[in-house]
Amino acid sequence: MVLQAIAFYLLAATTLVAGLAVISARNPVHSVLFLITAFFSAAGLFVLLGAEFLAMILVVVYVGAVAVLFLFVVMMLDVDFVALRQGFARYLPIGALVAGVLTVEMVVVAIKVATQGAAGKSTGPAAPYAGVTNIEAIGRVLYTDYVYFFQTAGLVLLVAMIGAIVLTLKHRESVKRQDIGAQVARTPAAGMRIVSIRSGEGLDE
């Protein structure tokens, strides 16, 4: 029990420090690396709670796909960090407004939880399906109660992946690209030319 408490506080502190480093790091690549660290720490917290499936999904999906996708996009994009820092003062009032709204919301939630007392606190995680495993309970919730939200989240990730590919796609004049429409519309007359070559002479082109 003592080891579990030590592991919880260690993973929780790592998650908080990594989360603060994500928004405070000047280099976007470092921010993504700190984000991966936060995901791993959160996965460890899920393991301590007995939700091994959520921990595996967090590592496989978010670390193995989303965070790595962000990392590749940030490293492949030609980001001008000097120009990015120059526009910081321009968007500072909007950022301060959003941060203020989020801070007020968190304070209101904290006050509400504190004023409810022990009556508003649950003794443990809710178990809507008794007598089933963790994975089966999650599957029933995802694919029955929240199936449309689950599909919407998948569509959002698909759009994000397509957007990342479009952002990293650069057309260069010196690089030959395949034109599927021109290939399909090509006729035998346009794709082939018959040349009569005399005996003993070559073809100059």
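The values are calculated or read from the model by the stated rules, or taken from the named source; none is laboratory data. None of these values were measured; they are calculated from a predicted model. Cβ placement follows ideal geometry from the backbone for every residue including glycine, while neighbour counts extend to all protein chains displayed. The area values use the complete protein model at the heavy-atom level, side chains included, leaving out ligands, DNA and RNA. Shrake-Rupley method; radii C 1.70, N 1.55, O 1.52, S 1.80 Å.
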Please state which one of R193, R186, R177, R198 is more than 30 Å from A51 (Cβ to Cβ) and surrounded by 12 or more Cβ atoms within 10 Å (Cβ to Cβ).
-> R186
Can we say L77 is modelled with pLDDT under 85 and among the aliphatic types (A, V, I, L, M)?
-> yes
Which residue out of A38, A21 is within 16 Å of the chain's Cα centre (by Cα) and touching a residue at least 12 places away in the same chain (Cβ under 8 Å)?
-> A38
Do the conditions hold for G154, that is, is it closer than 22 Å to L54 by Cβ and either at pLDDT 80 or above or in a helix (DSSP H, G or I) (or both)?
-> yes
Here are some residues: V159, V113, V108. Which one is modelled with pLDDT under 80 and assigned to a helix (DSSP H, G or I)?
-> V113
Within the stretch 89-119, the residues that are charged (D, E, K, R) and surrounded by 10 or more Cβ atoms within 10 Å (Cβ to Cβ) are E105, K112
Of all residues in the stretch 48-64, which are open to solvent by less than 80 Å² (accessible area, probe 1.4 Å) and without any contact (Cβ under 8 Å) to a residue 40 or more places away in the chain?
-> A55, I57, L58, V59, V61, V63, G64
